[in-house]
């Protein structure tokens with residue numbers, strides 16, 4: 001192979017690799033969005049369960065719903081550009097972890113609805 005053919009082969013290989021990298025990057029973003037959305041939905045179900053069972057007081061419910069509304073707003077902001085970056089996902093995960101602990105504590109404290 002002459003040098004021109006080698007360069008052409010390298011260019012074709014580089015383009016193919018960059019295409020695979022872009023494809024992998026595009027498929028990773030929906031996973032982040034799906035994970036964040038799944039956790040938010042799961043937490044909303046946990047709050048609803050606490051309401052049904054009487055484990056949460058009206059004040060606790062209002063506080064948790066306020067936190068969930070803020071989380072949903074933050075998710076919408078992160079998705080505004082069409083994707084959730086790793087940094088945004090990390091921030092959302094921290095917020096969801098904090099909310100999850102708060103839900104658990106409120107459901108398992110001694111306060112119940114009358």
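Here are the numbers:
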read-out: Filter result for residue 105 (loosely packed, with under 13 Cβ neighbours inside 10 Å and either out of contact with any strand residue (DSSP E or B) (no Cβ under 9 Å at 6 or more places or on another chain) or touching a residue at least 12 places away in the same chain (Cβ under 8 Å) (or both)); value: yes
read-out: Residues located in the range 55-82, provided they are loosely packed, with under 11 Cβ neighbours inside 10 Å and either in a loop (DSSP other than H, G, I, E, B) or in contact (Cβ under 8 Å) with a residue 60 or more places away in the chain (or both); value: 80, 81, 82
read-out: Filter pass, residue 85 being on the phi < 0 side of the Ramachandran plot, surrounded by 12 or more Cβ atoms within 10 Å (Cβ to Cβ) and modelled with pLDDT under 90; value: no
read-out: Boolean, residue 97 is surrounded by fewer than 16 Cβ atoms within 10 Å (Cβ to Cβ) and closer than 28 Å to residue 30 by Cα; value: yes
read-out: Among (1) modelled with pLDDT of 60 or more; (2) in contact with a helix residue (DSSP H, G or I) (Cβ under 8 Å, 6 or more places away or on another chain), the one test that residue 66 misses; value: (2)
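The values are calculated or read from the model by the stated rules, or taken from the named source; none is laboratory data. Here the structure is a predicted model, which means the values were calculated and not measured. Cβ sites come from the backbone with ideal geometry, for glycine too, and all protein chains shown count toward neighbours.
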